[in-house]
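Read the structure below first, then the notes.
The values are calculated or read from the model by the stated rules, or taken from the named source; none is laboratory data. All figures in this text were calculated on a predicted structure; none of them were measured in a lab. Cβ sites come from the backbone with ideal geometry, for glycine too, and all protein chains shown count toward neighbours.
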Amino acid sequence: MPTPYARASQAAPPSDCSRVPRTLGSALAVTVLVAVTTFLAFAGIAVGQGSTFRVALEPPAQLDPAFASSDAEIAVLNAVYDYLVDVDGDNEIVPRLARSWNVSDDGLTYTFELAEGVSFHDGTPLRAEDVVWTFDRLRDPELELPTSDLYAIIESIEATDDLEVRFTLREVNPFFLYDLSDNHAVVLREGTSDAATAFNGTGPFRVEEYRTGTRMSLSANPEYFMPGKPGVDELELIFFRDQVAAIDALRGRQVDLVLRMPTPLFQSLQGTPGLEAVSVATNAFDLVRLRADRGPGADVRVQQALKLATDRDAIVQVVTFGLAAPGKDSPIGPLYGEYFADDLELPPHDPERARELLTEAGYADGLTLELHTPDTGDRPTLAVVLADQWAQAGITVDVIVHPESVYYGDNLWLEVDLGITGWGSRPVPQFYLDVMLACDAVWNEAHWCDPEFDELVRFTRTTLDEAARVEAYHEMQRILVERGPIIIPYFFPQYGVIADTFDGFELKAFPGRSDLAAIHPR
Amino acid sequence: MGRARASRALAAFRPLYATRLATFGSTVVLLFALMAVFGPALAPYGANQQVYTDARQPPSLERPFGTDHLGRDVFSRVLLGTRDIFVLAGLGTLVAVLVGTAVGLLTTYLGGATEEITFRVFDSVLAMPALLFALLLLGTFGPSRNNVLAVIAVAYVPIVARVVRSVVLNVKTKDYVAAARMQGESLSRILLREILPSVLPALAVEGALRFSYAIFLVASLGFLGAGVQPPNPDWGLMISEARNFVSITPWALYFPAAAISLLVIGVNLMAEGLATALGRTP
């Protein structure tokens, strides 16, 4: 950079000689540094040395593992701590802190062997008691943490050896390993009292400096137990409130990775030289639901009319640029393999038939509905498209867009008659059925209760007979198409864009769970 | 007599065309006003009419402003949005001017504790930027067209009242006002016949300026998602919706942005011309 130097020397009065030796000195230092670096690089010693990887994230609000939930928050946890078991890109359970495990024949006892030689960032070695303490905290009903329901099924947890932990369940849960890999369930040191600020994990990166709302600087944990990880020396998490600004930073190479972005921004980055745009199919979806316990939605003909008036192909094309997978009004998506009823047919788009059904239901003069939606993702666009499509069936829709924090925070999403909800991707479908569609589900946003469906949910939750579960899942999807209160037009992919100077990045369905420790310079 | 009245009515508009810039400004405003009236008759497509096969078309003869990501005609939306902005910003300003004038005249003329309290409350409202104040109210009462209108009126009443007050303070000590009072004229007669005429020039300029700020406020609220809700063709909302698509359909952003700029510039030039003609600095 010759220009600033030249300007500096011109600006300095001729009599000021103090600058000369300083300039000389720094020039000398730079030369030596360059020489040493070049030597090391040629000698093959410096692979990955001095490398910094910078990620653009939304500012985290809550970093106590028990409360963390956004992608940015989980990305921090995943870098600083370790999960007991992890879920890979194919939705399979893989070892992390637990090196191996076995399940008793009755499906009630899980015994885990922990990896050896693991220690926390403060130097204390990991022991089975740490795992016991972590999960006891997460399930303690008195603490009322968000995970207490999830882990209510656990009868007891005990350390059976220095590095051996045993979980005993109250009833069979075929998805228990997935529950153990829940986003909140990173292992803390026994007795941690300031979980939100201590950052004393066993993970691949150590927190060096955290400036709330601005950035978090982390360094590689040299004692990390997983071979070859982490692949960079330093990790910089830089927080952006505005997605467009984050993309601009990536374009200007001020960051190396952006996780999650709206479809059009991703679309505009595809094919940019020096950047690699990655997308991954997920089971995340936008759901349109009409309350079934009151108002027009209590009549199943109205529910059916809304579905018939919805042109799903058009929605996939214009709302998601054709990048999403079409949905079939059930949360059990194509990613779940044989659980997904591939051959199930939806009634075709038919606004005329929808109008007839509405007339039969007593809305011959048309129907006016308020459609509520959070302001994030493609949801407002979906609302606007539905308003136009449903107008052709005589349904007038007034769209009301809420800030996402208000819509979910104030429980509007459970209250309103007609609303759109974004649901994240989960490794197994049972979660959605338990929390959204069972009669007593905590987030039964459609206020729907179908005894036959409810019975099936109960059955799939506990049966160990895999073939029977597949059968039951198919039956549920049939019921939802026939009389369910929800429309799921698509399963949207997640997007990430990374500078092509780095390699080893695998985007996960929950982007915050992508393994930043696997990334290394190309 | 009819003729005399007509020419007097025309003369009232003369300040709008007093200078060359004012002429330009007033003409722009007039054109937009005509669009607001006749827009629905002229628009080739509906505001939320989505022709999927035409999505993301650049401007052409058939689609002068192009189409947006959903295949909606941007020209029709800009055209149809004009009425919205005139109704919301115009009506909001009108209410603010009427209420502000009434409050300003009455409290300032009467003086005393009423004046003191009213204007200290107004001062506290003015301490907050109008946009923040509007966001606060809309966040509390929920976004809707009527609330946007009400918010503009509430935000601008104190400003108008203060302008009125500055004139009234000056006028109320004048001899002709004292004379009218001593003749035993009624309060309403003093306010409307003796004082109001002196306030009118200032009010005309202030009203025009408020209108331009109100246009901006409506557009800003739409952009921030707190104002008019989709799929209404609000200009600010259109910019916000087109923002993510700027590299794909830039025209969907440029045209509503240009419409806002042009109208605001027009109203400002008109206000400046008014001020010059009426001998006031805006």
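Some values worked out for this structure:
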{"read-out": "Test: residue in the stretch A:304-312 that is out of contact with any strand residue (DSSP E or B) (no Cβ under 9 Å at 6 or more places or on another chain) and without any contact (Cβ under 8 Å) to a residue 24 or more places away in the chain", "value": "no"}
{"read-out": "Those residues of the stretch B:252-270 which are of a type in the set (A, V, I, L, M), more than 17 Å from the chain's Cα centre (by Cα) and crowded, with 19+ Cβ neighbours inside 10 Å, in sequence order", "value": "B:A252, B:L253"}
{"read-out": "Pick from the stretch A:155-188, criterion over 22 Å from A:R469 (Cβ atoms), touching a helix residue (DSSP H, G or I) at 6+ places or on another chain (Cβ under 8 Å) and among the β-branched types (V, I, T), ranking: surrounded by the fewest Cβ atoms within 10 Å (Cβ to Cβ)", "value": "A:T160"}
{"read-out": "Residue in the stretch B:69-91 that is within 17 Å of B:V154 (Cβ to Cβ), part of a helix (DSSP H, G or I) and small (G, A, S) present", "value": "yes"}
{"read-out": "Any hit, the stretch B:60-72, residues being among the hydrophobic types (A, V, I, L, M, F, W, C), within 14 Å of chain A (Cβ to nearest Cβ), without any contact (Cβ under 8 Å) to a residue 60 or more places away in the chain and crowded, with 18+ Cβ neighbours inside 10 Å", "value": "yes"}
{"read-out": "Residues that are closer than 21 Å to A:K328 by Cα and touching a Leu at 6+ places or on another chain (Cβ under 8 Å), drawn from the stretch A:349-382", "value": "A:H349, A:D350, A:P351, A:R353, A:A354, A:L357, A:L371, A:T373, A:T381"}
{"read-out": "Every residue from the stretch B:75-104 that is touching a Leu at 6+ places or on another chain (Cβ under 8 Å) and without any contact (Cβ under 8 Å) to a residue 40 or more places away in the chain", "value": "none"}
{"read-out": "Answer from A:E404, A:E415 - the residue that is under 20 Å from the mean Cα position of the chain (by Cα) and within 14 Å of another protein chain (Cβ to nearest Cβ)", "value": "A:E404"}
{"read-out": "Whichever residue in the stretch B:220-251 is over 23 Å from the mean Cα position of the chain (by Cα) and closer than 14 Å to B:G81 by Cβ and, among such residues, is nearest to the other protein chains (Cβ to nearest Cβ)", "value": "B:E241"}
{"read-out": "Residue that is farthest from the other protein chains (Cβ to nearest Cβ) [pool: residues in the stretch B:252-279 that are under 17 Å from B:A89 (Cβ atoms) and of a type in the set (S, T, N, Q)]", "value": "B:N268"}
{"read-out": "Set A:W443, A:W448: member being within 25 Å of A:L150 (Cβ to Cβ) and in contact (Cβ under 8 Å) with a residue 60 or more places away in the chain", "value": "A:W448"}
{"read-out": "Lone qualifier among A:A383, A:A387 - being over 22 Å from the mean Cα position of the chain (by Cα), within 18 Å of A:A284 (Cα to Cα) and within 14 Å of chain B (Cβ to nearest Cβ)", "value": "A:A383"}
{"read-out": "Options A:R469, A:R478: the member that is assigned to a helix (DSSP H, G or I) and touching a helix residue (DSSP H, G or I) at 6+ places or on another chain (Cβ under 6 Å)", "value": "A:R469"}
{"read-out": "Flag if A:L358 is farther than 30 Å from A:L177 by Cβ and either among the hydroxyl-bearing types (S, T, Y) or more than 14 Å from chain B (Cβ to nearest Cβ) (or both)", "value": "yes"}
{"read-out": "Those residues of the stretch A:214-247 which are part of a loop (DSSP other than H, G, I, E, B), over 20 Å from the mean Cα position of the chain (by Cα) and not hydrophobic (A, V, I, L, M, F, W, C), in sequence order", "value": "A:T214, A:N221, A:P222, A:E223, A:Y224, A:P227, A:G228, A:K229, A:P230, A:G231, A:D233"}
{"read-out": "Odd one out for A:T381, checked against (1) among the hydroxyl-bearing types (S, T, Y); (2) without any contact (Cβ under 8 Å) to a residue 60 or more places away in the chain; (3) within 20 Å of B:L237 (Cβ to Cβ); (4) not in a loop (DSSP other than H, G, I, E, B)", "value": "(2)"}
{"read-out": "Selected residue (criterion: farthest from the other protein chains (Cβ to nearest Cβ)) from residues of the stretch B:32-58 that are assigned to a helix (DSSP H, G or I) and touching a residue at least 24 places away in the same chain (Cβ under 8 Å)", "value": "B:A33"}
{"read-out": "For B:R193: the one exception among (1) within 14 Å of chain A (Cβ to nearest Cβ); (2) surrounded by fewer than 24 Cβ atoms within 10 Å (Cβ to Cβ)", "value": "(1)"}
{"read-out": "Which listed residue is within 30 Å of A:P264 (Cβ to Cβ), away from chain A (no Cβ under 14 Å) and in contact with a Gly (Cβ under 8 Å, 6 or more places away or on another chain), from B:L149, B:L138, B:L131, B:L79", "value": "B:L79"}
{"read-out": "Hey, A:D299 away from chain B (no Cβ under 13 Å), out of contact with any Lys or Arg (no Cβ under 7 Å at 6 or more places or on another chain) and closer than 30 Å to A:A467 by Cβ or not", "value": "no"}
{"read-out": "Check on A:T396, buried (at least 18 other Cβ atoms within 10 Å of the Cβ), part of a strand (DSSP E or B) and of a type in the set (S, T, Y)", "value": "no"}
{"read-out": "Condition check for B:T140: in a helix (DSSP H, G or I) and over 27 Å from B:P231 (Cβ atoms)", "value": "no"}
{"read-out": "Residue under evaluation A:G337, criteria (1) part of a helix (DSSP H, G or I); (2) among the small types (G, A, S); (3) in contact (Cβ under 8 Å) with a residue 40 or more places away in the chain, criterion not met", "value": "(3)"}
{"read-out": "Residue that is surrounded by the fewest Cβ atoms within 10 Å (Cβ to Cβ) [pool: residues in the stretch A:232-289 that are on the phi > 0 side of the Ramachandran plot and away from chain B (no Cβ under 14 Å)]", "value": "A:G274"}
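This table checks each residue for (1) aliphatic (A, V, I, L, M); (2) more than 17 Å from A:V186 (Cβ to Cβ); (3) at pLDDT 95 or above; (4) surrounded by 15 or more Cβ atoms within 10 Å (Cβ to Cβ).
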position	(1), (2), (3), (4)
A:S70	no, no, no, yes
A:Y81	no, no, yes, yes
A:R96	no, no, yes, yes
A:E113	no, yes, yes, yes
A:F120	no, no, yes, yes
A:V131	yes, no, yes, yes
A:T134	no, no, yes, yes
A:L138	yes, no, yes, yes
A:L143	yes, no, no, no
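Conditions tested, residue by residue: (1) within 30 Å of A:R353 (Cα to Cα); (2) away from chain B (no Cβ under 14 Å).
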{"position": "A:G409", "(1), (2)": "no, no"}
{"position": "A:D434", "(1), (2)": "no, yes"}
{"position": "A:V442", "(1), (2)": "no, yes"}
{"position": "A:E445", "(1), (2)": "yes, yes"}
{"position": "A:D450", "(1), (2)": "yes, yes"}
{"position": "A:F459", "(1), (2)": "no, yes"}
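Condition check ((1) of a type in the set (S, T, N, Q); (2) over 28 Å from A:F510 (Cβ atoms); (3) within 14 Å of another protein chain (Cβ to nearest Cβ); (4) touching a Phe, Trp or Tyr at 6+ places or on another chain (Cβ under 6 Å)) across all residues:
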residue: A:I332; (1), (2), (3), (4): no, no, no, yes
residue: A:E338; (1), (2), (3), (4): no, no, no, no
residue: A:P347; (1), (2), (3), (4): no, yes, no, no
residue: A:A354; (1), (2), (3), (4): no, yes, no, no
residue: A:E370; (1), (2), (3), (4): no, yes, yes, no
